[in-house]
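Peer 1: A single structure is presented below for examination.
The values are calculated or read from the model by the stated rules, or taken from the named source; none is laboratory data. Here the structure is a predicted model, which is why all the values come from computation and not from measurement. For neighbour counting, all protein chains shown are included, and Cβ atoms are generated from backbone atoms with ideal geometry for every residue, glycine included. For accessibility, only protein heavy atoms count, side chains too; no ligands or nucleic acids. Shrake-Rupley method; radii C 1.70, N 1.55, O 1.52, S 1.80 Å.
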Amino acid sequence: MARRMMCRALAALALASLFARPLHADETENLTALARVWAAAKFLDPALATSDIDWDGALLRAIPKARAARTDADLADAVGAMLAELHDPASRIVKSAAAPSKPAEVPLTRTDGEVLVVNFGSHAARNGIDVATELRRIAKDVANAKFVVVDLRGGNGDEIDYDFAMQQLPWSDVAISAPNRTVAYHSGYAPQVGGTSGGYYSGLLEVSGRSFSASPKAPQRIAFIADRRSGVPDVALALRDAGRAFFAASEPLGDELAFNATSIDLPGGVQAEVRISQFRNGNVSVDVIDPDPVAASIAALRGQRQVAATPQRAKAPAAPHWRADDQYASMTYPDVEHRILAATRLWAVIHYFYPYLDLIGDWDATFKQFIPRFIAAANADEYARAVVEMDTHVEDGHSFVSGPEFVQKLFGGPGRVPAEVRVVENEFVVTHSDVPELHAGDIVESIDGQPFRERVEQMRALVTGSRELPRTHRAAAFALRGPSDSTATLAVRGANGPRTVSVKRVPFKMPDASNPYRVLEGNIGYVDLTKLTPADVDAMFDELAKTSAIILDMRGYPRGTAWPIAPRINTRHAKIGAEFRRREVSGMNLGSDFSVAGFYFDQPLPKADKPLYTGRIVTLIDDRAVSQSEHSCLFYEQAAGSKFIGTTTAGANGDVTNLVLPGAIVVSFTGHDVRHADGRQLQRVGIKPDIEVAPTIAGIRAGRDEVLERAVQYLNAGPR
């Protein structure tokens with residue numbers, strides 16, 4: 001009995017040491033490779049949009065094998081086992097084909113009795129020049145041949161556009177069409193929790209096969225010889241469907257013949273192939289398999305060898321049904337596999353869908369950097385911190401993490417000091433206070449005994465921003481946070497010297513929305529856009545109709561008023577307010593850079609049938625203007641040529657979407673690349689002021705609004 005208990009104890013100790021052990025040299029690389037294959041299938045394989053395959057589970061089961069892999073073959077087995085859960089022969093592990101060191105010296109065309117042999121592949125490897133220049137002669141030879149063998153081997157499909165070359169040749173005396181393809185299609189990333197104004201969606205896209213017109217004269221039958229590298233052009237698929245052609249190879253091949261899979265390189269000369277499309281009327285396979293496929297094809301064309309029957313056509317793909325990712329909400333502290341799933345999801349969604357990926361550095365390197373952090377996380381707090389700190393590398397004012405209490409306590413808690421602290425003249429200064437204990441112009445030296453600057457730096461590790469100053473202001477806001485109803489003790493330095501104050505933290509509340517507009521001295525209208533509501537807009541224009549100018553104060557977040565305001569000030573008769581781009585991910589744009597492959601559109605300015613305000617427009621800005629605030633500025637820039645006065649805005653715009661991670665953690669990020677109407681970049685640049693002016697400590701203490709004063713001065717100086 002004692003011996004059995006000792007054995008159990010040793011086994012438990014060995015198991016514990018397995019999970020506590022440090023990463024071996026290749027473990028991060030193995031998990032990175034596994035993640036790349038998993039993500040490609042998740043977003044590109046149409047079967048995952050129509051089936052109930054547990055693709056999370058496939059990754060979770062593969063993770064221990066990938067972590068334990070010590071050889072390239074071990075890793076290939078782990079990835080292959082994951083792909084096997086798709087139950088699809090097109091998604092698999094294959095050995096990479098070696099590129100030919102030198103194109104074979106064969107003639108472009110030759111004849112074997114009544115059979116014409118065209119060596120497309122080997123000549124394409126010589127840049128396709130001879131193929132292109134000889135197309136007219138080849139066309140004549142094809143038209144006059146009874147049978148044709150087209151050998152596509154010898155190139156890698158990059159040297160010549162087979163489709164273009166093939167279209168120039170007379171293959172059929174009747175019109176033919178290639179089969180339709182169905183691909184997964186993602187227009188941006190649909191939020192996993194709640195809604196968005198972005199209009200993002202996922203589904204299946206059916207792409208019509210290309211049609212080919214009839215030629216007066218054409219061969220009776222054609223054989224296409226392919227290998228794993230070459231693929232076959234659309235016209236070959238059309239000819240095969242019409243019963244005019246068959247496919248031959250030296251080994252069994254399937255959908256890779258028709259570029260129905262994407263290949264992901266793995267170590268050791270192997271590739272993971274992942275399906276990217278389905279044919280509406282069935283999949284592709286080789287009809288003739290022979291070590292010498294040219295000779296076998298010639299024999300088959302002459303009737304000396306049987307060609308395999310065309311396989312039974314598959315049923316049409318099922319209708320897609322969107323499912324939100326599992327939040328694993330009960331996992332306050334997920335096991336190591338689910339923590340790796342979390343890192344993988346975060347990397348994969350940003351990699352495929354974040355529209356500003358080129359602006360945030362090496363995201364792949366960030367993933368590799370954080371894999372060990374997620375594995376080593378010893379408790380819920382460390383797991384949450386790993387998520388939050390990885391997300392800070394998505395340097396964007398729209399990037400933030402929310403979720404259960406174990407996440408929120410990293411940011412101090414829900415309680416807020418009822419005051420605003422911003423950087424003014426390199427000091428952390430109270431710029432607005434709702435309590436008598438704190439005065440506008442107080443410099444915050446410490447909070448709860450900790451130097452405030454130190455506390456801000458700690459919070460900077462947990463927050464991000466599109467620009468450094470907004471990130472600092474975001475960190476300062478969190479530095480004031482704490483548990484609900486807790487008391488913050490602040491050491492401040494005011495106009496009359498230092499003092500210590502105690503302030504109760506309170507829940508967030510919307511600012512007072514009274515008196516959103518008024519007339520300033522000099523017959524200048526003033527509108528506080530943080531208070532104005534859409535219902536107020538018409539009354540505001542009625543009240544300010546006879547003013548010479550309107551100052552729009554955009555130093556904060558608006559309430560959706562740009563849409564009714566812009567048409568009322570559109571003296572420039574502008575048509576477009578902003579330019580939008582969002583990433584499209586599908587098997588159709590595979591091979592292109594997903595960061596530039598997308599849905600681009602111009603957003604029109606709304607129209608109005610109400611009186612046009614023709615006075616001058618000035619907009620006050622600083623980095624509190626973010627997202628919809630900056631979008632409003634784009635509208636006012638286009639509609640009225642607004643002058644901007646103040647300091648640069650946050651530089652973060654685009655409808656927010658989100659993903660979910662185990663533990664019900666929600667990670668929000670920008671879904672659209674939004675630009676000025678002329679295409680100029682806004683993200684990480686911001687709206688820059690025409691006249692730069694920032695508050696001073698002395699001005700704040702004196703109760704002055706120096707930015708507003710400068711705007712009035714500018715307008716009183718007369719038109720410019």
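Peer 1: Just how far, in whole angstrom, is the stretch 165-213 from the stretch 561-582 if you go by their alpha carbon centroids?
Peer 2: With the stretch 561-582 and the stretch 165-213 each reduced to a Cα centre, they are spaced 33 Å.
Peer 1: Where does the charge balance sit around ASN496 when Lys and Arg score +1, Asp and Glu -1, over other residues with C-beta under 13 Å from its C-beta?
Peer 2: +2
Peer 1: Could you work out how far helix 72-84 tilts from the main Cα principal axis of the chain, as a 0 to 90 degree angle to the nearest 10?
Peer 2: Computed tilt is about 90 degrees.
Peer 1: If N is the number of residues in the chain, what value comes out of its Cα radius of gyration divided by 2.2 N^0.38 Å?
Peer 2: Cα-based Rg divided by the globular estimate yields 1.21.
Peer 1: How high is the FRET efficiency between ASP74 and ASN515 when r is their beta carbon distance and R₀ equals 51 Å, given to the nearest 0.05?
Peer 2: 0.15
Peer 1: Gain in length, LYS368 to THR614, computed as 0.36 nm per residue apart minus the alpha-carbon separation, to one decimal in nm?
Peer 2: Gain on extension, LYS368 to THR614, equals 83.0 nm.
Peer 1: Starting from the exponent 0.38 and prefactor 2.2 Å, build the expected Rg for the stretch 33-95 from its residue count and divide its actual Cα Rg by it.
Peer 2: Dividing the Cα radius of gyration by 2.2 N^0.38 Å gives 1.06.
Peer 1: Follow-up. Give me the lysines in straight-line cross-link reach of LYS688: C-alpha distance below 22 Å, same-chain residues under 8 apart excluded.
Peer 2: Once the sequence-local lysines are set aside, what remains near LYS688 is LYS643.
Peer 1: Per residue Cα convex hull volume for the stretch 471-518, in cubic angstrom?
Peer 2: It comes to 157 Å³ per residue, whole-number rounded.
Peer 1: Say the dipole of the chain comes from +1 at the beta carbon of Lys and Arg and -1 at that of Asp and Glu; which of GLY188, LEU438, PRO64 then lies farthest toward its positive end?
Peer 2: Sorting the options by dipole projection puts first GLY188.
Peer 1: Follow-up. Considering the options LEU34, ILE222, ALA475, tell which one lies farthest towards the positive end of the dipole of the chain, charges being +1 on Lys and Arg and -1 on Asp and Glu at the Cβ, about the Cα centre.
Peer 2: Ranked along the dipole, the leading option is ILE222.
Peer 1: In addition: Can you give the FRET efficiency for ASP335 and LYS409, using 1/(1 + (r/R0)^6), R0 = 22 Å, r = Cβ-Cβ distance, to the nearest 0.05?
Peer 2: For R0 = 22 Å, the calculated efficiency reads 0.50.
Peer 1: Between LYS575 and GLU206, what length in nm is gained on full extension when 0.36 nm per residue of separation is reduced by their alpha carbon distance?
Peer 2: Gain on extension, LYS575 to GLU206, equals 129.5 nm.
Peer 1: For a quick protection proxy, order the peptides 425-435, 256-266 by their average other-Cβ count within 10 Å, most packed first.
Peer 2: 256-266, 425-435
Peer 1: If you place +1 on the Cβ of every Lys and Arg, -1 on the Cβ of every Asp and Glu, and leave all else neutral, what size is the dipole of the stretch 407-521 about its Cα centre, to the nearest 20 Debye?
Peer 2: 400
Peer 1: Here is a further query. How big is the gap, in Å, between the Cα center of the stretch 429-479 and the Cα center of the stretch 642-689?
Peer 2: Each part's Cα centre sits 22 Å from the other's.
Peer 1: Within straight cross-link reach of LYS610, meaning Cα distance under 13 Å, which aspartates and glutamates are found once same-chain residues fewer than 8 apart are removed?
Peer 2: Straight-distance partners of LYS610: ASP538, ASP542.
Peer 1: Taking the Cα centre of the stretch 527-616 as the origin, how large is its charge dipole in debye, to the nearest 20, when only Lys and Arg (+1) and Asp and Glu (-1) carry charge on their Cβ atoms?
Peer 2: The calculation lands at about 140 debye.
Peer 1: Something else now. Over the stretch 580-692, what lengths in whole Å, largest first, do the semi-axes of the equivalent ellipsoid take, defined as the square roots of 5 times the eigenvalues of the alpha-carbon gyration tensor?
Peer 2: 31, 18, 14
Peer 1: Long-range amide H contacts for ASP442: which residues qualify at under 5 Å (H placed 1.01 Å from N, peptide plane, sequence gap of 5 or more or a different chain)?
Peer 2: The list, which skips near neighbours in sequence, is VAL430.
Peer 1: In the chain, with Lys and Arg counted as +1 and Asp and Glu as -1 at Cβ, which of these residues, ALA324, THR649, LEU266, has the Cα nearest the positive end of the dipole, that is, farthest along it?
Peer 2: ALA324
Peer 1: Another question, then. What's the magnitude of the charge dipole for the chain around its Cα centre, counting Lys and Arg as +1 and Asp and Glu as -1 at the beta-carbon? Answer in Debye, nearest 20.
Peer 2: Charge dipole of the chain: 420 debye, to the nearest 20.
Peer 1: If I take R0 = 35 Å and measure r between the Cβ atoms of GLU706 and PHE599 in this structure, what FRET efficiency does the formula 1/(1 + (r/R0)^6) give, to the nearest 0.05?
Peer 2: The calculated FRET efficiency here is 0.25.
Peer 1: Just to confirm a number: summing +1 for Lys and Arg and -1 for Asp and Glu over residues other than LEU612 whose beta-carbon lies under 15 angstrom from that of LEU612, what do you get?
Peer 2: Summing Lys and Arg as +1 and Asp and Glu as -1 gives +3.
Peer 1: Then there's this: With a 1.4 Å probe and all protein chains left in place, how much accessible area per residue does the chain have, in Å²?
Peer 2: 43
Peer 1: By per-residue mean of other Cβ atoms within 10 Å, what is the highest-first order of 665-673, 74-82?
Peer 2: So the order, starting with the most tightly packed, is 665-673, 74-82.
Peer 1: Run the quick spin-label model on GLU543 and THR489: label points 7 Å from Cα toward the beta carbon, then report their separation in nm to one decimal.
Peer 2: 4.5
Peer 1: Using alpha carbons only, how many degrees (0 to 90, rounded to 10) separate the axis of helix 380-391 from the longest principal axis of the chain?
Peer 2: Helix 380-391 sits roughly 80 degrees off the main axis of the chain.
Peer 1: Let me check I've understood the local charge: for LYS65, count other residues with C-beta under 14 angstrom from its C-beta, Lys and Arg +1, Asp and Glu -1. What total comes out?
Peer 2: Residues near LYS65 contribute -4 overall.
Peer 1: Also, quick follow-up: Give me P(r) over the stretch 424-532, computed from all C-alpha to C-alpha distances, binned every 10 Å, as integer percentages.
Peer 2: That works out to 12, 36, 32, 16, 3, in percent per bin.
Peer 1: Above 26 angstrom, tally the Cα pairs of the stretch 358-476 and express them as a % of all pairs, no decimals.
Peer 2: Tail of the P(r) past 26 Å holds 28 percent of the pairs.
Peer 1: Take the residue pairs LYS546/LYS575; LYS42/LYS531; LYS504/LYS531 and return only those whose Cα atoms are more than 32 Å apart.
Peer 2: LYS42/LYS531
Peer 1: Nearest 5 is fine: what % of DSSP beta bridges in the chain come out antiparallel, could you say?
Peer 2: 70
Peer 1: Can you pull the semi-axes for the stretch 216-350, root of five times each eigenvalue of the Cα gyration tensor, sorted largest first, whole Å?
Peer 2: That gives 42, 18, 12 Å for the three semi-axes.
Peer 1: Starting from the Cα of LYS217, draw a straight line to each of the lysines and keep only those under 23 Å, dropping any in the same chain fewer than 8 residues away.
Peer 2: Correct list for LYS217: LYS140, LYS146.
Peer 1: Could you check the spin-label model distance between VAL435 and THR111? Points 7 Å from the Cα along Cα→Cβ, value in nm.
Peer 2: Result for the modelled spin labels: 9.8 nm.
Peer 1: For labels at THR533 and ILE691 in the simple 7 Å Cα→Cβ model, what's the distance in nm?
Peer 2: It is 3.3 nm.
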